[in-house]
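Inspection log for the structure reproduced underneath, given as structure tokens.
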Amino acid sequence: MKFSWSREAVLLLVISLFILIGGYYYGQKLFVQPAREITDSSSRILANQDELVDQVDALELSEQTLVTELETLNASLPLTNDPSNWLNDVKELADNNNLVVYLFNAVESTGESEINEEIEDVEIQSYQLEVEYESFEELDQFIEDIYIMTQKTDITSISYEAGQELSFKATLFLDTYNQSTGLEE
């Protein structure tokens, strides 16, 4: 069987091809491409919204961190000029480390501190503390505990002397600080 192409068949085939190619082209241009652009646009909008939500979450976390740090700073440099809580904390540390407190007096401040240069409106209160202890490790632990107290405390001077019956005495001069005006949120 011999197949022959007639002029009409070729013309019909060419027209059919143009219709198919044109239909595909205009179908892509009129239907598929706008739908793809809408999908891409929606994806970009969702990505931008997700990024904004992440930024808002980071800001809320950052604000919470700042509030926590402010609370910590206000605890380390309290607003109140009343040292009773601090004095109780120092006495409790002495008791925990088997130190006997013999004297705890407020004394005149020994001078300017580095903290005054770093933070404005800071007041210094100085105290003399005399304790008796049985081993150097007890005093050493007490000194470490003083430095890790929440309220900022510096030991400006320590002197040691031998006591009676295998006990020792130490005199410590302590500075603690408080704010005269508060740090606010």
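For (1) in a loop (DSSP other than H, G, I, E, B); (2) at pLDDT 90 or above; (3) in the same structural domain as Gln128 (by TED's automatic domain parsing); (4) under 38 Å from the mean Cα position of the chain (by Cα), each residue gets a yes or a no:
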position	(1), (2), (3), (4)
Ile15	no, yes, no, no
Gly27	no, no, no, no
Ala58	no, no, no, yes
Leu66	no, no, no, yes
* **Residue ID - nearest to Asn88 (Cα to Cα), chosen from residues in region 140-155 that are at pLDDT below 90 and in contact with a strand residue (DSSP E or B) (Cβ under 8 Å, 6 or more places away or on another chain)** => Gln151
* **When residues of region 127-138 are limited to those that are surrounded by 16 or more Cβ atoms within 10 Å (Cβ to Cβ) and either at pLDDT below 90 or touching a Gly at 6+ places or on another chain (Cβ under 9 Å) (or both), the one nearest to Leu87 (Cα to Cα)** => Glu132
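Take the residues in region 68-113 that are small (Gly, Ala, Ser) and modelled with pLDDT of 85 or more, then tell me which one is farthest from Ile124 (Cα to Cα).
Kept after step one, since they are small (Gly, Ala, Ser), are these residues of region 68-113: 75-76, 84, 94, 106, 109, 111, 113.
Pick out the ones that are also modelled with pLDDT of 85 or more and you get 94, 106.
On the way: Ala94: 22, Ala106: 11 Å.
The residue in question is Ala94.
Hey, among the residues in region 78-94 that are part of a loop (DSSP other than H, G, I, E, B) and touching a residue at least 12 places away in the same chain (Cβ under 8 Å), which one's nearest to the chain's Cα centre (by Cα)? Explain how you work it out, then say what you get.
To start, the set of residues in region 78-94 that are part of a loop (DSSP other than H, G, I, E, B) comprises 78-83.
Next, only the ones that are touching a residue at least 12 places away in the same chain (Cβ under 8 Å) stay: 78-81, 83.
Details: Pro78: 19, Leu79: 22, Thr80: 25, Asn81: 27, Pro83: 28 Å.
Here the answer is Pro78.
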* One residue from Glu8, Glu71 being within 30 Å of Gln179 (Cβ to Cβ) and outside the structural domain of Glu123 (by TED's automatic domain parsing) -> Glu71
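The values are calculated or read from the model by the stated rules, or taken from the named source; none is laboratory data. Worth saying up front: this structure is predicted, and the values here are computed from it rather than measured. All Cβ positions, even for glycine, are placed from backbone atoms using ideal geometry, and neighbour counts span all protein chains on display.
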